[in-house]
Amino acid sequence: MRLKIFTQRSALGFLAAMLLLIPADFYATTASRPSPAQPNIGINGFLSVDKAQRGRTIQAAVVMEIPHGYHVNSNRPGSKFSIPTALKIEAPGGVRISPVSYPRSQLRKFNFSEERIAVYEGRAVLRFNITVPANYQIGVTRLRARLKYQSCTDEVCFQPVTREINLPLTIINANESYSRINNHLFGGGRRKG
């Protein structure tokens, strides 16, 4: 029995010594490839004005910044296995939200699917309108946007993600001044009400 223990210990010692002789970069290059990581998609909300007048409609957008090498399924991907992008807006009582206008998608063929899928790449701008009632309380209120999406590479899709964005909205009287902002998304210049 002593001989077996001695032999096992010797074998383990020899193996450990051999592993120390192998260069460290060998392990990094021969390890199985890790699966790609879920991308860090930028999600931000924007309003077209700095203050919303009572009784008026303003524009809003949720913008997705999708890193190169990744895509997100569109709101109508065309594949029963692909999870569509969906934006839901919760507004305080009385404030009306229009249906979301999704951007134009691109049809692409990927290794994981036999059919072409409608996707967003790069920047995707999802737009909607906010209508403030004429008798709405003056002050700051918040809208909550929930964006559900599924991102993928050319090889694999990740678990769906739901991200939440709070959009503060300052309500003013119909005769008070406001300024147009985020013109890169909504166009137009500075305007006072």
**OP:** Between Ile138 and Asn173, with labels modelled 7 Å along Cα→Cβ, what's the label distance in nm to one decimal, could you check?
**Re:** 0.5
Subject >> 5 Å-binned pair-distance histogram of region 40-122 (Cα, whole percent) >> reply: 3, 12, 19, 21, 15, 11, 9, 5, 3, 1, 0
**OP:** Run the accessible area of region 114-159 with a 1.4 Å probe and give the carbon-and-sulfur part as a rounded percent.
**Re:** 41
Subject >> Cα gyration tensor shape of region 24-175, rounded if a/c is under 1.5, else prolate or oblate by comparing a/b with b/c >> reply: prolate
Original post:
Label-point separation (nm) for Ile43 and Arg123, each offset 7 Å from Cα along Cα-to-Cβ?
Top reply: 1.9
Subject >> Given charges at beta-carbon only (K, R positive; D, E negative), |dipole| of region 82-124 in Debye >> reply: 160
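Rolling a 1.4 Å sphere over the protein heavy atoms, what is the accessible area per residue of region 33-166, to the nearest Å²? List each step's numbers first, then the result.
On the way: 7540 Å² over 134 residues.
The answer is 56 Å² per residue.
The values are calculated or read from the model by the stated rules, or taken from the named source; none is laboratory data. Model, not experiment: these values are computed from the prediction. Methodologically, a virtual Cβ is constructed for each residue, glycine included, from the backbone with ideal geometry; neighbour enumeration extends over all protein chains shown. The protein model used for the area step is the full one, side chains on, heavy atoms only, and it has no ligands, DNA or RNA in it. Shrake-Rupley method; radii C 1.70, N 1.55, O 1.52, S 1.80 Å.
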